[in-house]
Every structure is written in C-alpha cells, then in structure tokens.
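Chemist: Here it is, the structure in full.
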C-alpha cells in the first residue's frame, strides 16, 4: 500500500475517566485511563465517527506509524486511510486499547492507587460488556453521541455486536467480522490450555510476577503457539509449510525439524517478549464469557431483539476457529428480528486471520458497505 | 460387554532380544526387551496370529484384566475376545508395548547398561519403522512367520501400513484405522506445542528428570490437554459439555467455570500421573517422521507399490485430526497399485477417538472383514 494512502504519522492520546466504573463481576474501578488514536476529522455534526475494536492481541494503534518508530505500522493499516475502504477523508476513525490491556490503558501493568504497586492479579476481570461501557465514556469524551459504525474482527466483532445491544441508540452500523455469538466448548478448551500454560508457569507467581522481577515467558509462548494454530487454516499451513524440513533431513532430536515448528517457536517467542500474561488471561476469559443469549435461555434472537443498528456480518470459508456457521447464527437471529443485515461468506484460505488481510473481495465488500453509510 | 465375551484374566510376558538393533536414526540398541500379551491360541500352522499395534498412549494390555487389578481392562477390550469382532476363538492375538514405551518394554525409563542409570534423554529416538522391525523379532520369537493381520488405529494404523511395506511377505491383511499416510503441518504443529510444553517445564531437566527425582507433570499435563482437544470432535464436545457451567455462574476467576475446563484438567492430571515424558516426546516424533512416500518424492502410490497385503481402511466422519480425506489418500494409492482394499467411512460423532469405541456399524464392519480372513 503506497504511502499516499496512509494516514501517515500518528500519535496516541490519553483520556482520564474519574467516575468509578462498576464492572460485570461486581468489582468497581475507582477510575481509569484509556489510550487511543484517531484518524481523520470529526465533522461538524459529529456523525462520521467509526470505532475500531481490537481482538485478543490488538491495540489502539490501528493505522499509520509513529514518528520515532516508522516500522510500527497499525494492525489494520490496510483498511484505514485516505481512499482505503475505511476512508479517513470521510470518517473520523477511533482506535482504543481496551480496559485491562497492556498497551497503555489501565490494566494489570498499571499502578494500583490503593497499594502503590502494579495491579497484577488484583486487576479485576473485565468483560466485553465492560469494554463497551468504557468505550462509551471515550465516545462522550470525544463528543460522539452516535457512532456511524463500530467495526471489529473476532473478539472485536463481539464488541461491535455488544454495542448494538448495550447502546442501541448510539450505533448506526455494527460490522461484525470473523466472529461468533459465543464460544463453543472447543473454543473454550483451547483458551483453557493457553490459560493453564500461563498459570502453571513457575514464573507466574499467581499473577504477581512483576513483584518478582520475572515474566512467565514459557507460558505465554505456549499460549501463543496454541492460539496461532487456531488462527491459521489447515490448508494454508499445508501450502505455506507442508512438511518442509528446516535442515533438509530429520534431526532425530527435539531441535527444529519442520519449518512449521520454527514458525511457531518464532511467533511464540516474539509474543512472549512484549505481551502481558495477566492481560492475556483476562482476554481469554472475556471471550469465554461473552454470550448475549445467556440471559435469554440461549435464545439469540430474543437477545438481539433490542438491537437497532444495521449489520454487516462477514465470515471466511477456511476459518475453523469461528466458522461461517457461527456468523450465520448471528445473521439468522437478526433476520428473525427483521433487522437490516448484509452477510458475506468470503472464500479466503487464510483461516481466522483472514479478517486482517486485504483480500480483494473482502475489501471490496467493506468499501462498498462503508461508502453507503451516510454521514 | 458381558464377562462371557471377555478373555478374562491375562498376564503380561516378556521377551529378551540380544541381537543389536540398528535404528533409523543410525543409533544402535545393543539389545532390548518387549513386554507383550497374547489372547487365544496359536494354531498348528501358525496362520491365525493377529498383531494389535497401539497408538500414542496405548500399551500391550489390549484385552482382559489382571488378576490383582480387575479394574485395569485392556484398551481395546471391546474388540478382542471370544465372539467379539477380533474373535479369540479363531485368532491368536498379540499386543505389544512398543520399543521406547513406558509400560515395560525397553525405553527411557529402563536402565542403560552403559551407565547403570535410567536412559532418560539418552534413549535414542525410535520411529514407526523401528517399531515394526522390533515387532518382527517378537513375531520370530512367537513362531509367527506371517501375520493373518496387523491392526491398529491412528499411530497404530501407521504401523499396520509400515508392516505391509517393510515385510510384504509377512502380513496378509493390513487394517489401517483412523490413520494417515503422514502428518499434516497442522498435525505437526499440535505435536510441537505438546513437546514445547514438556521441554520447557523446569522439571524436565533436559530429559534427565529421573536423576533429579522429579517429573515434568506441568508439561505432560498441557501436552495431554492439547492432544485431547484434537481427539474429540467439535460437535461431540458441544453435545457433551457445551457451555455448561460447573458452579451455575461465572466465577470471575481462573478457577473452573465451564465443565469442559474441568474435564480437560482431569484428563491432563490423570495422564501426567503415569505417563513418561520422554516416551511422549518420542511418540510425537515417530508420528511426525512417518512418511512412506518421503523416499519416493512424495508419490504415495509409488511408495505403496511393494505392499502385497489386502487392506481394510476405515475413517470416521467427525475425525478432524486424521480426517477421512487422509484415509482416502491411502486408498487411492492402493487402488493405483490394484491392491485389494476395503474402505469404510463411518458416520460417528466421537472424532478421532471413534476408533476405540464399539460403534455398531464400525464393529459390524470389523467383524465381517475379520470373519472372512482364512486361517
């Protein structure tokens, strides 16, 4: 993508919220900070704002790059910019690091005002519902009453869906991509393996590793490796790595034999080098808990009856983490309520991670949908 | 299954092999022991012997129970016994713990004659080819020149296939169930996560944990948890566990919330209590390395040209670890060589583990095939 279509140099901003926030768990945060970025300009009527919600490992840094770190390009830079599908000449785009995150918003790495030490394991579990409640305060802070759209993939899609339920009058379009209305038992099982890898790492120290000057890198590394397998499709792995040997022969040891092993180790090590373990644990729980139909005896259509937004729902053919059938559950529940919904099942080989790629068909659909949003 | 169809009380036997065994890795074992069990009686012509090969966590204890441990029933007891599909009134059935195993055959837990200490990490990696070579010595020991059949599921199926290639004149029927001609990149990836869980456990001590009086239970536990997810089908997990809560509400902690978490922890803990970590590592490598087409530029049909056996190949509709398409690769390669092959794709919801169950359709097929084997 050429630089003329980039939002260019960006800088994170911070917002402080001093009103206590009551969480779904019953715990209360006395106040909190959110770090965010914006791209484009809020119009006079404040009708062109779009919120981009991040998934498990994402952040507020959605597009552009930093002046002092030009390689650090936003995670959805292929989507957001002048003349890109989410066009910053039309929209005022907001990226925010969620509450409990590890990129600068108040979370386990923050100082607990009560103890003067890092929260660590004392940071309360936050949920998708809590994130949306916190994002609503950011909307107020920015002068945005109603989002033109809230968009996200995977766990980000769950936030877009939750916006339509918690604040039906504050969102005109919910764009729910590669997502699901709730996790399956298998989804939870993979999350549980990841959690147990972290919790059983001797360096975890019950979540107070910061007090011990260590980081549970072994656990984080394993968590990321198992997660990564579920982000990619079987066919893509076969095409990209197959049974290619790293050294041209079997080593008859536990060093790297196959390229796929090298790739997974690399991804695991990289992730363990920067991501916070307590945040990771919390994110997986937010995923596990999300289930808008929970209070409606499992009836998703009943749960979605209060949504007023128009919906864009998309899934990817090779995504086995949140397969197309999971998106169709959302679509059927919306149609049951006679909501406007555009649904696309996109033929893309890259599995769950497809939502991050600039597949031409996928991006053409996003562009067409976003072009039709009045501001 | 009523006790009249059980082989009843059984006892393991041992065989010592003093001839050195050259392994595929180039290493040599000066000699080795195999522990095995037999059920039924070898006929006068020695034509009714069937070898049962075990998969990752199986053993020589295939059927019956021990006099002093009546609860310890063989892992394929539903298949083997008088009037069962593998009928011990007709067949002489042999179960063997593979070389490198942890149930009594020579392996990492054995004393290394050179050091007087347990082998631990010094036990050489053994492969499917090595297992079959060792099993051939057991066949000689038992007076079995030619197996009426060699049968196995998963990794056991790979051994049945390997028998047909390494000893084409010593096997009349190869029964390859829920197996694959080689692992996919995704299969290897899951194995690599399991290995890294064990290798990175501080109690692993480079494989010499026995010298330290500890066991890498954390790693083994995680390895089993991730393995277990791949043995079950998504639908079965959904039916069996779904999103059932253990305590009727979200705990907002990392204790057990969902039943599936409880189940996985239980399976992991149980396994870590008895299985040897070095053996587990080795088994996963044997799986990763198996690829009869490797020396034939990936051409499986060319690799299977030397097989002379008749084949029974079966797969299960919901097995995503070794999906039916993987069995069909074997079938197509056999048909290309005009080999006799019976193939069944069985509609069973239990995923990869289906091969261990007594699904009526599956067992009827096994019974019919085995009844037609002349002895």
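Values quoted throughout were computed directly from the atomic coordinates according to the rules given, and no laboratory measurement underlies them. What you see is a predicted model, and the numbers here were worked out from it, not measured in a lab. Every residue, glycine as well, gets a Cβ built from its backbone with ideal geometry; the counts of neighbours run over all protein chains shown.
Chemist: Label points 7 Å out from Cα along the Cβ direction at residue B:146 and residue B:69: separation in nm?
Modeler: Going by the 7 Å Cα→Cβ label model, 3.8 nm.
Chemist: Another question about this same structure. Taking a temperature of 4 °C and a viscosity of 1.567 mPa s, what whole-number D in µm²/s does Stokes-Einstein yield for the stretch A:187-284 with Rh from Kirkwood over alpha carbon pairs?
Modeler: Working: Rh = 14.5 Å.
Rounded, D is 89 µm²/s.
Chemist: A further question on this structure: Ranking request for peptides A:68-75, B:235-242: highest mean number of other beta-carbon atoms within 10 Å first, then the rest in descending order.
Modeler: So the order, starting with the most tightly packed, is B:235-242, A:68-75.
Chemist: Turning to a different aspect of this structure: Chain A: Rg/Rh from Cα coordinates, Kirkwood Rh? Mind showing how you got there, number by number?
Modeler: Values: Rg = 20.4 Å, Rh = 21.3 Å.
Rounded to two decimals, Rg over Rh is 0.96.
Chemist: What FRET efficiency, computed as 1/(1 + (r/R0)^6) with R0 = 35 Å and r the Cβ-Cβ distance, is obtained for residue B:214 and residue B:16, rounded to the nearest 0.05? Before the final figure, lay out the partial values.
Modeler: Working: r = 31 Å, r/R0 = 0.87.
Given R0 = 35 Å and the Cβ-Cβ separation, E is 0.70.
Chemist: Averaging sequence separations of C-alpha pairs under 8 Å and six or more residues apart, then dividing by the length of the stretch B:187-284, give the relative contact order as a whole percent.
Modeler: Numbers: 103 pairs, mean separation 30.8, N = 98.
Rounded, it is 31 percent for the stretch B:187-284.
Chemist: One decimal, nm, shortest first: give the distances between the label point of residue A:299 and those of the same position in the other copies, each label point 7 Å from Cα along Cα→Cβ.
Modeler: Output for residue A:299: 6.3 nm, nearest copy listed first.
Chemist: To the nearest whole number, what is the average tally of beta carbon atoms from other chains within 10 Å of the beta carbons of peptide A:228-235? Don't jump to the answer; show the numbers that get you there.
Modeler: On the way: counts 2, 8, 2, 0, 3, 1, 7, 3.
Mean partner-chain Cβ count within 10 Å for A:228-235: 3.
Chemist: How big is the antiparallel share of DSSP beta bridges in the protein assembly as shown, given as a percent to the nearest 5?
Modeler: Numbers: 28 of 82 bridges.
In the protein assembly as shown, DSSP labels about 35 percent of beta bridges as antiparallel.
Chemist: Based on the Cβ-Cβ distance from residue B:372 to residue A:372, what FRET efficiency comes out when R0 is 60 Å, to the nearest 0.05? Please report the intermediate quantities before stating the final value.
Modeler: Details: r = 66 Å, r/R0 = 1.09.
Here the calculated transfer efficiency is 0.35.
Chemist: Give me the percent relative contact order of chain A, please, defined on Cα pairs under 8 angstrom at least 6 residues apart.
Modeler: 17 percent
Chemist: Which log10 I(q)/I(0) values does the stretch B:62-152 give at q = 0.10, 0.12 Å⁻¹ under the Debye formula, counting every alpha carbon as one identical point scatterer?
Modeler: Each listed q corresponds, in turn, to -0.36, -0.51.
Chemist: Let me ask something else. What does the helix-only formula give at 222 nm for the protein assembly as shown: each DSSP H stretch with n ≥ 4 adding -39500 (n - 2.57), the total divided by the residues, and the result rounded to the nearest 500 deg cm²/dmol? Don't skip to the end; give the middle numbers.
Modeler: Values: 20 runs with 242 residues, N = 750.
Only helices count here, giving -10000 deg cm²/dmol.
Chemist: Something else about it: So how far apart, in nm, are the two label points at residue B:345 and residue A:357 if each is 7 Å from Cα heading toward Cβ?
Modeler: Those two pseudo-labels are separated by 2.6 nm.
Chemist: Averaging the inverse of every distinct alpha carbon separation and then flipping it gives the Kirkwood radius. What is it for the protein assembly as shown, in angstrom units? Show your work: numbers first, answer last.
Modeler: Working: mean 1/r = 0.0358 Å⁻¹.
One over the average 1/r among Cα pairs gives 28.0 Å for the protein assembly as shown.
Chemist: Using the beta-carbon distance between residue B:43 and residue B:332 and R0 = 41 Å, what value does 1/(1 + (r/R0)^6) give for FRET efficiency, to the nearest 0.05?
Modeler: On the way: r = 35 Å, r/R0 = 0.86.
That gives a FRET efficiency of 0.70.
Chemist: Averaged over its residues, how many other protein chain Cβ atoms are within 10 Å of peptide A:179-191's Cβ atoms? All intermediate terms of the calculation are to be shown ahead of the outcome.
Modeler: Working: counts 0, 0, 0, 1, 3, 8, 18, 12, 4, 10, 13, 4, 3.
Per residue, the average neighbour count from other chains is 6.
Chemist: Is there a simple number for the mean count of other chain Cβ atoms within 10 Å of the Cβ of residues in A:108-121, and what is it? Don't skip to the end; give the middle numbers.
Modeler: Values: counts 0, 0, 0, 0, 0, 0, 0, 0, 0, 0, 0, 0, 0, 2.
Mean inter-chain Cβ contacts per residue within 10 Å come to 0.
Chemist: Return a whole-number percent for the relative contact order of the stretch B:252-375, with Cα pairs under 8 Å and 6 or more residues apart as the contact set. Before the final figure, lay out each step's value.
Modeler: On the way: 101 pairs, mean separation 24.5, N = 124.
The normalised contact order for the stretch B:252-375 reaches 20 percent.
Chemist: Can you give me the C-alpha center-to-center distance between the stretch B:278-293 and the stretch B:300-375, rounded to a whole angstrom?
Modeler: 21 Å
Chemist: Roughly speaking, what is the centre-to-centre gap between the stretch B:241-271 and the stretch A:79-158 when only Cα atoms are used, to the nearest Å?
Modeler: Spelled out, the Cα-based centre of one part sits 29 Å from the other.
Chemist: In nm to one decimal, list the spacings between the residue A:42 label point and its equivalents in the other copies, with label points set 7 Å along Cα to Cβ, shortest first.
Modeler: Nearest to farthest, the other copies are at 8.7 nm.
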